[in-house]
Every structure is written in structure tokens, then in C-alpha cells.
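No value in this document is a laboratory result; all are computed from the given coordinates. Just so it is clear, the model here is predicted, and its values are computed rather than measured.
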Amino acid sequence: ALNITKPDHVQLAIDAENHLFWNGAAVEMDALKSRLKDAAAVQPQPELHIRADRTTPYEKVAQVMSLAASEGLSKIGFVTDPALAAP
């Protein structure tokens, strides 16, 4: 039997144009919902790491966080890139 280890985290990026990327692959909001639901069903549950461009509106980030929580993902963290944060 194959041993497939699930990643301990999922990277969700939101760019300046509000495009979403699931582990580097572009994903639409509709598809994101089912992916979040699938991820929430995995045991142990992976952490969702949200990386947003500094120009991404906070509302978009909040919308994604809210969606993740409503699909049952409880571990949500932010990944900040110091290079992006510099003025």
C-alpha cells in the first residue's frame, strides 16, 4: 500500500487583484469552499496559512477567513513576508 502523507499546512495566497492560490495553484472562490471543506475533514487537520499581498483589501482576507471557519477549519495563521512589508 502507498503511504501518502498529507501536508501539515495549506498555503492560501491572495494577490493584489484578489486572485486566490491554493498551494500555488489558482483557485476560484466556489472551488475554494469545497477545498476548505475537504481539508477540514482531514485528520490531523492541516493549518491554513494565509499569505496576502499588502495591498489586498482587509475585507477579502476577512471573507476568506470567515469561509474557512464556516467550513470547519480551526487552525488559521498568517504568513508575512518581511520583504513585502517594507515600505
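The table for this structure:
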{"item": "Stretch gain in nm, segment residue 17-residue 70, where the contour uses 0.36 nm per residue and the Cα spacing is subtracted", "result": "16.7 nm"}
{"item": "5 angstrom amide H check on residue 10, placed H, neighbours 5+ away", "result": "47, 48, 49"}
{"item": "Kirkwood Rh and Cα Rg combined as Rg/Rh, region 9-49", "result": "0.98"}
